[in-house]
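Here is the structure we will look at.
The values are calculated or read from the model by the stated rules, or taken from the named source; none is laboratory data. Worth saying up front: this structure is predicted, and the values here are computed from it rather than measured. Positions of Cβ are generated from backbone atoms using ideal geometry, with glycine treated the same way; all protein chains shown enter the neighbour counts.
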Amino acid sequence: MFRTEYVKKVYADLQKNNANEPEFLQAAQEILESLELIVEKRPDIEQNRILERFLEPERFIQFRVAWLNDKNEVQVNRGYRVQYNSAIGPYKGGIRFHPSVNASIIKFLGLEQILKNSLTTLPMGGGKGGSNFDPKGKSDAEIMRFCQAFMTELYRHIGPDTDVPAGDIGVGGREVGYLFGQYKRIRDEFTGTLTGKGLAFGGSLARTQATGYGVCYFTQEALKTMKGETFQGKTVAVSGAGNVAIYAIEKAQQLGAKVVTCSDSNGWIYDPEGIDVELLKEVKEVKRARLTEYAKERKSAEYHEKKNGEHGVWNYKVDIALPCATQNELNLDDAKALVKNGVQIVCEGANMPTTLEAAHYFIDNGIIYGPGKAANAGGVATSGLEMCQNSARLSWTFEEVDAKLKGIMEGIFHNAHDTAVKYGVKENDLLTGANIAGFEKVCNAMIAEGVF
């Protein structure tokens, strides 16, 4: 797994101290495999124990969230915030509400966020938060009460120059509004402490579209640079049917591609005529319904129920794959199916949706692989732009924000690509390039700031 004794020891200690955190260990292993290349060239990393400090969060907060449902019954959930690394700026990262949320998932997301934020070139450190609360099936009033209870604890740990949360899975504009309202009420201040806010109270145009659009801008630049091609005329598989997936589908089709799949937790759609994105928005954003509703309205669509955890979206002949759902949704068997069916490029719209074995398979078989920490950085990049607008008390147009987003995503691709070439790995190994490029900036800041 590792060549150098220093990295071997770091990972062994990490396994011993985090034995019951598989997602966190998976993310750490993937990052450390890449960082061996820079560790071998820079003895100051070991001398300053940078890897140990980088992998250990500066602060991990766990708290109880007690709230009342509509029957006036007390409910109790667990809340988290990891403030992982502030070497290059205030902690920045989303809040996730999902039954699967635990310490391991929050830490893996926070660790990835350090590198993702670094790659944007904006001054943001890494953080993440969430709760095992499930918003599905809850009324607006229940979600409001939960968000208010969550923020009643979290408010003391965050601020515009300390930690700036945003949304993630299960936390959209509605939830951010309730969280911001409670923060403002308790602190008696109106500051840009959360991003992803509504346009009426400090939000940024293009934030809703940012992660989905961003993964397409990254993919387009990779295709242009490495293959001399574009989205035009390509067939695309997308997983997920949430915010990221919807706007990745929208942008891919604007760029001339045909997207033929999307999915939710129960099943997937195959639509050979191309996903009707307006119908998908109506089903998922307005009705908050399952994809079975899409299939009822769209004659060309085939709905397939998931069985035994299968990932059916990856079994079709496509040129481009954009996993936009959740972690570890694309495994080695899925990767083999995609390669067999002629995929050229895989770029991640979700956080760590591809298993490490699948990622290696793509790279070894010459497929361009854009990891989430690079390809899905559009959301946090635009959150950073929202922070800029809040600090300056101004608002940019959609076109201005979208142009800045496009430039940032193209810059991230070139940074990852150029770093891969610099360190002598395969040109398509954007995973190694992104890990080293993101880490080097944080490492230099940590050394310059001394031991803490």
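Per the listing 383, 391, the residue uniquely outside the structural domain of residue 340 (by TED's automatic domain parsing), more than 19 Å from the chain's Cα centre (by Cα), in contact (Cβ under 8 Å) with a residue 40 or more places away in the chain and assigned to a helix (DSSP H, G or I) is 391.
Would you say residue 7 is at pLDDT 95 or above, more than 30 Å from residue 195 (Cα to Cα) and hydrophobic (A, V, I, L, M, F, W, C)? Before the answer, list the steps.
Working: at pLDDT 95 or above: yes; more than 30 Å from residue 195 (Cα to Cα): yes; hydrophobic (A, V, I, L, M, F, W, C): yes.
Against the criterion (at pLDDT 95 or above, more than 30 Å from residue 195 (Cα to Cα) and hydrophobic (A, V, I, L, M, F, W, C)), residue 7 qualifies.
Within region 401-427, take every residue that is assigned to a helix (DSSP H, G or I) and basic (Lys, Arg) and give me the one that is farthest from residue 116 (Cα to Cα). Working first, answer last.
Step one: filter region 401-427 for residues assigned to a helix (DSSP H, G or I), giving 401-422.
The next check asks that each one be basic (Lys, Arg); those that pass are 404, 406, 422.
Working: 404: 17, 406: 16, 422: 20 Å.
Among residues in region 401-427 that are assigned to a helix (DSSP H, G or I) and basic (Lys, Arg), the one farthest from residue 116 (Cα to Cα) is 422.
I'd like the residue in region 240-259 that is in contact with a Gly (Cβ under 8 Å, 6 or more places away or on another chain) and not hydrophobic (A, V, I, L, M, F, W, C) and, out of all such residues, is modelled with the lowest pLDDT. This residue is 243. If you go through region 120-169 and pick out every residue that is surrounded by fewer than 17 Cβ atoms within 10 Å (Cβ to Cβ) and of a type in the set (S, T, N, Q), you end up with 3. Within region 275-290, which residues are in contact with a helix residue (DSSP H, G or I) (Cβ under 7 Å, 6 or more places away or on another chain) and within 21 Å of residue 258 (Cα to Cα)? Passing the criteria: 275, 277, 279, 280, 281, 283, 284. In the set 427, 400, 449, 440, only one residue is modelled with pLDDT under 95, surrounded by fewer than 24 Cβ atoms within 10 Å (Cβ to Cβ) and more than 22 Å from residue 252 (Cβ to Cβ); that residue is 427. When region 205-220 is filtered for residues that are closer than 12 Å to residue 411 by Cα and of a type in the set (A, V, I, L, M, F, W, C), only 218 remains. Contact map, region 412-435: first residue more than 10 Å from residue 370 (Cα to Cα), second residue in a helix (DSSP H, G or I) and of a type in the set (Phe, Trp, Tyr), Cβ cut-off under 9 Å, separation 6 or more or different chains; pairs are 412/218. Within region 96-128, the residues that satisfy the criterion of being under 16 Å from residue 327 (Cβ atoms) and part of a strand (DSSP E or B) are 96, 97, 128.
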